[in-house]
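A.B. asks: Take a look at the following structure, please.
The values are calculated or read from the model by the stated rules, or taken from the named source; none is laboratory data. Keep in mind it's a predicted model, so treat the numbers as computed, not measured. Backbone-built Cβ (ideal geometry, glycine too); neighbour counts: all protein chains shown. Only protein heavy atoms, including side chains, enter the accessible area calculation; ligands, DNA and RNA are left aside. Shrake-Rupley method; radii C 1.70, N 1.55, O 1.52, S 1.80 Å.
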Amino acid sequence: MTKKQSVILMNILAVLIGYINKFSLSYRLIHGLVGYESVWECVCKEMGLFLDKAPDIDSFLENLQDKANGVISSQNQRNMLTAYHMCAWLDQMLTYEDVSVDKLSIYALLPLRAFSYVAIDSLNDNYEETGICINPKLPIFKAAMLLDDGTERERTTASRDAFVGMNGELRNISYYEWNKKCIVHNIIVPYEYNESHGADKAEGNLKVGFIPISDRTDIIVPDYKVVRDGKYRLKKMYINVPNHEDIISTRLKQGLELACENQVDIVFAPEMLGTMQTEQCVGNYNEFVRAIYSNAVMGDKKPPVITVMPSYWRKGINSATIVYRDGRVLGSQKKYTPYINFQSCSIEGIKKEQVQELYLIHIYGVHRMIISICAEFLDGFDNEFICGQLGATLVIVPSFSHGERDFVSKLGVLFPYGTSVVWGDCCGAVAHPPKIIGGCSLVGLNEVHKMGNNCKCEFSCGCSKGCLFTVELPLKVICSKAALPPYQPVQHIMS
């Protein structure tokens, strides 16, 4: 199909989903409606005839549009079941591959390439009319249930009920209700195969790296101002520039070099430590990262696929730049939930914004990743929207926080959604040892691990040039009722 034809197909799907959403019946109960099976058989037969007998895709889409218009013209049980099954049938027929036989290919709309990323906001363009935004849902990591006889059965790591609406049953798309308050940017990046072994690397681990940057306790010194907000006067804190910019840049560079040497797939650093040097861009390239990764490639080392830079605090905006493996900037994830300091009785002075932007990064065959900065994860994280509707399976949480235990307590709350969390803190943000520094939750295994338990430097930078914690997330998750052998995903690497 052409790009225009693909959008028309997505628009029809959005109309049908919007129609189903008007019914108050729970999606779970739809399966128990009288006529569920017979309507499915009728829809499959009719849709199959549409596709087989249409002389071309345009004719098929015209017939499909006429059918959809007839369905939504009246609200009754049979029409609702017909719309539901039409969505399911069309979803099963979709493919993102560049093929035209027995499938409805939307490759022209989302041309997935082997060596570059693709960006798109919504697959349909009638979201204002229908109230529905459709996102791509691409393959992710594999999961299997270990049965009593020792055999494996493929399964999902989240229960069907964890996904809002019909999302748990759709294989190739997901959707959310458009409310004019949130824009979702979908970034699709390719993953790699282990060519030397001829095997799919997705059978191994996704390696996430975290660079704590520094043990200095004076690296962030806020500036406090009393600001009127409506009828209230608030004490707000602002971060003009972090102290010791040269130290930050040097240690970030060394950490990124360690990430290249150790074949890290995703790497991130604490919030608020971005500097003018680390944020320097020429065109669409982050020059700081580009120079480091170019040298790494020349030295036969592999740069991370995704780099989340230390968030940059400027003019009331706290945002983390997302950088591709070649230095290109994919976007910048803002923090919308301010940090509240109970000791200084102040609130972070980030601007209120009417529209929020979220970057959903699809690593093909591996994970759907989102970034949530510090207090946003603790207080402003919308589980149902981000995990239940967008289907995020990995949350990266950069922080600069004194309250480490708050994060540890929340690391496992996304297990029911099939979502893992990797959180990292700056050593200098925590006043006294023992420090946790960061942690991770492993979906499927339902385990929580702390980075500090593997620290080799006693939280002092005096003996090292660079520092990197790595977390290995298994890309084939074995779920079992019985206890499995202990898994140790965290390592600490120094130079």
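A.B. asks: For the chain, build the charge dipole from Cβ charges (+1 Lys, Arg; -1 Asp, Glu) around the Cα centre, then report which of Asn205, Leu9, Leu330 sits farthest towards its positive end.
C.D. replies: Positive-most Cα among the choices belongs to Leu330.
A.B. asks: How many angstrom lie between the C-alpha centres of the stretch 396-454 and the stretch 329-350?
C.D. replies: 18
A.B. asks: Which of the peptides 404-412, 148-156, 45-53 is most tightly packed, and how do the rest follow, judged by the mean count of other Cβ atoms within 10 Å per residue? Don't skip to the answer; put the middle values down first.
C.D. replies: Values: 404-412: 17.2, 148-156: 9.8, 45-53: 13.4.
Top of the packing list down: 404-412, 45-53, 148-156.
A.B. asks: Taking the chain as the reference, fit the longest principal axis to its C-alpha atoms, fit the long axis of helix 36-53 to the helix C-alpha atoms, and give the angle between the two in degrees, 0 to 90, nearest 10.
C.D. replies: So the helix axis and the longest Cα principal axis differ by about 80 degrees.
A.B. asks: Solvent-accessible area per residue for the chain at a 1.4 Å probe radius, Å²?
C.D. replies: On the way: 22510 Å² over 495 residues.
Ligands and nucleic acids excluded, the figure is 45 Å² per residue.
A.B. asks: Still on this structure: About the Cα centre of the stretch 350-431, what is the dipole size in debye to 20, counting +1 per Lys and Arg Cβ and -1 per Asp and Glu Cβ, all else neutral? Please report the intermediate quantities before stating the final value.
C.D. replies: On the way: 5 positive and 9 negative charges, 22 e Å.
Dipole about the Cα centre, nearest 20: 100 debye.
A.B. asks: Given just the C-alpha atoms of the stretch 28-166, how large is their convex hull per residue in cubic angstrom? Provide the component values of the computation, followed by the final result.
C.D. replies: Working: hull volume 25.2 nm³, N = 139.
Spelled out: Cα convex hull of the stretch 28-166, divided by residues, is 181 Å³.
A.B. asks: Beta carbons within 10 angstrom, averaged per residue: use that to sort the peptides 67-79, 357-369, highest first. Spell out each step's value before the answer.
C.D. replies: Numbers: 67-79: 14.4, 357-369: 22.4.
Those peptides, ordered most packed to least, come out 357-369, 67-79.
A.B. asks: To the nearest 10 square angstrom, what accessible area does Val297 show with a 1.4 Å probe?
C.D. replies: For Val297, the solvent-accessible surface is approximately 90 Å².
A.B. asks: List the trypsin sites (Lys or Arg not before Pro) in the stretch 254-361 that DSSP assigns to loop (not H, G, I, E or B) and whose Cβ has at most 11 other Cβ atoms within 10 Å. Which are they? Each step should come with its number before you reach the end.
C.D. replies: Numbers: sites: Arg290, Lys301, Arg314, Lys315, Arg325, Arg328, Lys334, Lys335, Lys351, Lys352; in loops: Lys301, Lys315, Arg325, Lys335, Lys351, Lys352.
Filter output for the stretch 254-361: Lys315, Lys351, Lys352.
A.B. asks: Let me ask something additional. Which one of Ser420, Leu273, Ile30 has its Cα pushed farthest toward the positive end of the charge dipole of the chain, where Lys and Arg give +1 and Asp and Glu give -1 at the Cβ?
C.D. replies: Leu273
A.B. asks: Suppose every K and R has +1 on its Cβ and every D and E has -1 on its Cβ; what is the size of the dipole of the chain about the Cα centre, in Debye to the nearest 20? Provide the component values of the computation, followed by the final result.
C.D. replies: Details: 49 positive and 54 negative charges, 269 e Å.
Using Cβ point charges on Lys, Arg, Asp and Glu, the chain gives about 1300 debye.
A.B. asks: Which distance in Å, rounded to a whole number, links the C-alpha centroids of the stretch 96-110 and the stretch 233-288?
C.D. replies: The stretch 96-110 and the stretch 233-288 have Cα centres spaced 40 Å from each other.
A.B. asks: Counting helices only, and only those DSSP H runs with n ≥ 4, report the 222 nm mean residue ellipticity of the chain as the sum of -39,500 (n - 2.57) divided by its residues, in deg cm²/dmol to the nearest 500. Mind dumping the intermediate values first?
C.D. replies: Values: 10 runs with 119 residues, N = 495.
It comes out at -7500 deg cm²/dmol, rounded to the nearest 500.
A.B. asks: Follow-up. If Met237, Met276, Met494, Met298 are ordered by their accessible area, calculated over protein heavy atoms with a 1.4 Å probe, which sequence runs from highest to lowest?
C.D. replies: Working: Met237 10, Met276 135, Met494 70, Met298 165 Å².
Putting Met237, Met276, Met494, Met298 in descending order of accessible area: Met298, Met276, Met494, Met237.
A.B. asks: OK, next. Using a 10 Å cut-off on Cβ atoms, rank the peptides 99-106, 30-37, 213-220, 303-310 from the highest mean neighbour count down. Mind dumping the intermediate values first?
C.D. replies: Working: 99-106: 14.6, 30-37: 12.8, 213-220: 19.5, 303-310: 25.2.
In descending order of packing, they fall as 303-310, 213-220, 99-106, 30-37.
A.B. asks: For mean projected area of the Cα convex hull in nm², the listed values are (i) 33.8; (ii) 26.3; (iii) 23.2; which was obtained by calculation from the structure presented?
C.D. replies: (ii)
A.B. asks: Something else: If you roll a 1.4 angstrom probe over the protein chains with everything in place, what fraction of the accessible area of the chain belongs to carbon and sulfur, to the nearest %?
C.D. replies: Numbers: 11220 of 22510 Å².
Using a 1.4 Å probe with all protein chains present, the chain comes out at 50 percent carbon and sulfur.
A.B. asks: A 31 angstrom limit on the alpha carbon distance is what I want to check against. Which of Lys253/Lys450; Lys103/Lys335; Lys180/Lys450; Lys334/Lys450; Lys103/Lys142; Lys231/Lys315 exceed it?
C.D. replies: Details: Lys253/Lys450 24 Å; Lys103/Lys335 40 Å; Lys180/Lys450 38 Å; Lys334/Lys450 26 Å; Lys103/Lys142 23 Å; Lys231/Lys315 22 Å.
Flagged as over cut-off: Lys103/Lys335; Lys180/Lys450.
A.B. asks: Let me ask you something else. About the Cα centre of the stretch 355-495, what is the dipole size in debye to 20, counting +1 per Lys and Arg Cβ and -1 per Asp and Glu Cβ, all else neutral? Can you show the working numbers first?
C.D. replies: On the way: 9 positive and 11 negative charges, 102 e Å.
Roughly 500 debye for the stretch 355-495.
A.B. asks: Please sort by residue number the GluC sites (Glu not before Pro) in the stretch 86-151 whose DSSP state is loop and whose Cβ has at most 15 other Cβ atoms within 10 Å.
C.D. replies: Those that pass, being in a loop and sparsely packed, are Glu97.
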